[in-house]
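**Q** Okay, here's the structure, questions in a sec.
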Amino acid sequence: MSDPNLKGDFVEGPPAIDPKTKGDIVLKGKHNVILIPCVLEHAPSLFENLCGPQNNSLYTWLPFEPFQDVESLKAHLKLLMSFPTTVFTIFVTEASETGSKPKEAVGITCFMNIVPDNRSIEIGHVFYGPKLSRTPAATEVNYLLMKYAFEELHFQRVEWKTNSFNEASKRAALRLGFTHEGLFRKHMIAKGRRRDTWWASCIDDEWFKKGKGGVKEALEKWLHPDNFDAEGKQKRKLDDIREDGA
């Protein structure tokens, strides 16, 4: 018998789909980017674009130190892939006779904290090299992940977490359409320092919403070729498109 004191919307239907059950997931964008399941063979290209003294600043907010050689990066990837996560290598692409093909590995990202029964999943371990950061392709990477999570895997909540001092990650989440939910105080210890974790989410209602505040619609309008001039510069900001709803 149903408890008359229970509150909240009743949830019907099967749980969301764990991406681990979908086999090899390949997500291809239109801004010369493709996400491919990570394998150890990607390590040399990743090392070239994510490692070396010139890239040490990329590691400030990551829970590990800069990798000194390809083998240490391989060990990290092997550990990461042993967790209940779906790890993607992000490649930029180049034209070929048969369309486009992966050119070089420029970043890593994951589906993690996957809870199909609660319809909740996180985009995490976001690690972009200079060739990807602050490009339309970087925005498209997250669009592809969110679209797949909501529309193919049927999750109702996508999470984003970061160190409370990581202003760039916080701005990125809000720009994409995530909503800040709160702060997990003294959440963990990272590199010997106490970390408060800034927490945000995007839910299916916001993703599918039409007009003002619609996350998917705004991302697709921003990513459209018409939103970029001949030099590849944006004509309208993503935040403005989402706020205007047009």
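**Q** Determine, for V106, V39, the number of other Cβ atoms within 10 Å of each Cβ, and report the residues in order from fewest to most.
**A** Final ranking by Cβ density, sparse to dense: V39, V106.
**Q** Looking at the chain as a GNM with Cα springs under 10 Å, which of P19, P84, P53 has the largest mean-square fluctuation?
**A** P53
**Q** Given an 8 Å cut-off on Cα distances and at least 6 residues of separation, report the relative contact order of the chain as a percent.
**A** With pairs under 8 Å counted, the relative contact order is 15 percent.
**Q** Sequence gap at least 6, Cα distance under 8 Å: using those rules, report the relative contact order of region 19-134 to the nearest whole percent.
**A** Here the relative contact order equals 26 percent.
**Q** With a/c under 1.5 counting as rounded, go ahead and sort region 127-230 into rounded, prolate or oblate using the C-alpha gyration tensor (a ≥ b ≥ c being the square roots of the eigenvalues; past the cut-off, prolate if a/b is larger than b/c, else oblate).
**A** oblate
**Q** Let me ask something else about it. Expected output is a single nm value to one decimal: the length gained when fully extending between K28 and N5, i.e. 0.36 nm times separation in residues minus the C-alpha distance. What is it?
**A** Additional length available on full extension: 3.6 nm.
**Q** For the residues S133, S57, what sequence is obtained by ranking on other C-beta atoms within 10 Å, fewest first?
**A** Going from sparsest to densest Cβ surroundings: S57, S133.
**Q** Please compute the volume of the convex hull spanned by the alpha-carbon atoms of the chain and report it per residue in Å³.
**A** 165
**Q** Residue by residue, what Karplus-based ³J(HN,Hα) values in Hz, rounded to whole numbers, does region 239-245 have, using 6.51, -1.76 and 1.60 with θ = phi - 60° and x for Gly and Pro?
**A** Once θ is set to phi - 60°, the couplings for region 239-245 become 4, 5, 4, 5, 5, 6, x Hz.
**Q** Stokes-Einstein diffusion coefficient for region 1-85 at 4 °C in a medium of 1.567 mPa s, Rh from the Kirkwood formula over Cα pairs: what value in µm²/s?
**A** 77
**Q** To continue, here is another question. Cross-link partners among aspartates and glutamates for K235, C-alpha distance below 18 Å, same-chain residues fewer than 8 apart left out?
**A** Correct list for K235: E140, E217, E220, D226, E243, D244.
**Q** Along the Cα-to-C-beta direction of S57, a point sits 7 Å from the Cα; which residues of region 181-197 have their amide N less than 19 Å from that point?
**A** Once the point is set 7 Å along Cα→Cβ of S57, nothing inside region 181-197 turns out to lie under 19 Å by backbone N.
**Q** Okay, moving on. Once the mean 1/r over all distinct Cα pairs of region 59-179 is inverted, what Kirkwood radius in angstroms do you read off?
**A** 15.7
**Q** Same structure again: For region 160-246, what relative contact order do you get, as a whole percent, if you take Cα pairs closer than 8 Å and at least 6 residues apart?
**A** Answer for region 160-246 is 25 percent.
**Q** Over 27 Å between Cα atoms, which of K30/K216; K30/K212; K28/K210; K20/K186; K147/K191 qualify?
**A** With Cα atoms farther than 27 Å apart: K20/K186; K147/K191.
**Q** Mean residue ellipticity at 222 nm from the helices of the chain, using -39,500 (n - 2.57) per DSSP H segment of n ≥ 4 over the full residue count, to the nearest 500 deg cm²/dmol?
**A** It lands at -7500 deg cm²/dmol.
**Q** On a C-alpha basis, how far is the centre of region 203-228 from the centre of region 52-95 in Å? Whole number, if you could?
**A** 30
**Q** Counting Lys and Arg as +1 and Asp and Glu as -1, what is the net charge of the other residues whose Cβ lies under 10 Å from the Cβ of E243?
**A** Net charge around E243: 0.
**Q** Sorted from fewest to most neighbouring beta carbons within 10 Å, what does the list M146, M188, M112 look like?
**A** Fewest-to-most ranking of M146, M188, M112: M188, M112, M146.
**Q** Also, quick follow-up: Roughly what would the spin-label model give for F64 and D18, points 7 Å off Cα along C-beta, in nm?
**A** Each label point lies 7 Å from its Cα, and together they span 2.3 nm.
Bear in mind that the values in this text are calculations on the coordinates, not laboratory data. Remember, it's a predicted structure, so these values are computed and weren't measured experimentally. Every residue, glycine as well, gets a Cβ built from its backbone with ideal geometry; the counts of neighbours run over all protein chains shown.
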